[in-house]
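Visitor: Just dropping this structure here.
Computed from the coordinates by the stated procedures, all read-outs in this text should not be read as laboratory data. Please read these numbers as outputs of a predicted model, since none were measured by experiment. Positions of Cβ are generated from backbone atoms using ideal geometry, with glycine treated the same way; all protein chains shown enter the neighbour counts.
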Amino acid sequence: MQLDLQSPEFIANPYPTYARLREQAPIYPLESGAWLITRYHDVEYLLKSPLLDKDVSSIYVQLYGRDMNDEPAYRIHNNFWASMSSLGRRKLVVKALNAGRVSEVRALVQKSADQLIDKWIELGQADLMNVFAYPLPVQVICNMLNIELEQSLDFFAETKLMSRAAEPHPLNAAELNEANTGALRLEMFFREICRQRGEQLGEDLVSQLLIAEEGGERLTEDEIISNLIVLFVAGYGTTANALCNTLRLLFLYPEQRELLIAKPELLSNAVDEALRFNSSAPITFRTAMESFEFNGVQIGAGDGIFLALDSANHDQEIFVEPDRFWIERPLTVKKPLTFGLGSHYCLGAKLGTVEVEVAVETLFRRLPNLIIDNIDQLKWQPTWIFRGLESLPVRW
């Protein structure tokens, strides 16, 4: 079967295509020596397989035919994933994330949400993506890093471009130049922040990364900087998209929204179900570290493996009525793979989920007459690696 992952039809609704793939071609060959995996059991198995790893540098070599470490945007991604592939390095980052103020994240998110809503609640209408969904995770991250919000707001364009390094096709020369320019600005910004914290440590996340130690092992400055940049790049976009995707579903299925309002104790269930139904990060990728046969298909060493988490979360072999948005969905033995599984389980899963929960509760409480007009005409961002709306106009 022919597959165009960039087509407007697929971007708008990938689930019928995923269903056909699960039935007809669950291990689908992509261009550039890569494979798309769509069934839940296959995705689950490969997420835990020692035969795969996040060797992103190899994937970039396949895409461009050269070592991309000379390009700042890709060098930063490579540094980050190299540190995440080391169990010791990953423990250091987790240790920093779980320290100090980060443990008080719900109160921090609540304060940020209220501050943002206070700025525009009198307007009566707004693009919720721009005035709330994007600024909220950025403000939370800024508080965690102890930097001024205004210092970071200028980086939106750069972080959007840098996130495209995860696409399974190369950037053109102009896009690569813009991404590199943004990467260098971010790198210079966070290197200066690291220098300042090195002179005077605090309780913020940058300080925690600088002092994190496990068995005599510590993070290098380049590793800290790459982690901080990826926290910005991956953290704000996926959370903003997750929030708006959740709101879209709650208004697309008004009976579910009314049920949530009547039973606010279902908030966590509602967010989990929304993240299952429309993941903001629907694809994760791995590299085959050696050749192996998988379900009758020969996978070559160095092949890129794109694992369709969103497809796995709609697999009828696992979930009852998988294409139904159902906030009282009965528990299943297998859990959604929204945040991955195994050694590369998303570090920001807890933070992102809390941000969406607090945001939804706060919006419904403070804007009880919230309305999304023309909900069936909302446009999706033109990418299949991330899933998010271009805008979310609302009124109240």
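Visitor: I need the chymotrypsin sites (Phe, Trp or Tyr not before Pro) found in the stretch 258-346, filtered to DSSP loop residues with at most 16 other beta carbons within 10 Å of theirs.
Guide: Sites meeting the loop and neighbour criteria: TYR345.
Visitor: How big is the dipole moment of the stretch 8-395 about its Cα centre under a simple scheme where the beta carbon of each Lys and Arg is +1, that of each Asp and Glu is -1, and everything else is neutral? Debye, nearest 20, please.
Guide: The dipole magnitude comes to about 540 debye.
Visitor: Further question on the same structure: Note down the magnitude of the dipole of the stretch 302-396 about its Cα centre, charges +1 on Lys and Arg C-beta and -1 on Asp and Glu C-beta and zero elsewhere, to the nearest 20 debye.
Guide: Approximately 340 debye in magnitude.
Visitor: Go through the stretch 256-272 residue by residue and turn each phi into a ³J(HN,Hα) via Karplus (6.51, -1.76, 1.60, θ = phi - 60°); whole Hz please, and just put x for glycine and proline.
Guide: 6, 5, 5, 5, 5, 5, 6, 10, x, 5, 8, 4, 4, 4, 4, 5, 4
Visitor: Moving to a separate point now. Remind me, relative contact order of the chain in percent, using alpha carbon pairs under 8 angstrom and six or more residues apart? Mind showing how you got there, number by number?
Guide: Values: 564 pairs, mean separation 102.4, N = 396.
The normalised contact order for the chain reaches 26 percent.
Visitor: Please sort by residue number the GluC sites (Glu not before Pro) in the stretch 210-304 whose DSSP state is loop and whose Cβ has at most 14 other Cβ atoms within 10 Å.
Guide: Numbers: sites: GLU213, GLU214, GLU217, GLU221, GLU223, GLU255, GLU258, GLU265, GLU273, GLU290, GLU293; in loops: GLU290.
Of the GluC sites (Glu not before Pro), the ones in loops of the stretch 210-304 whose Cβ has at most 14 other Cβ atoms within 10 Å are GLU290.
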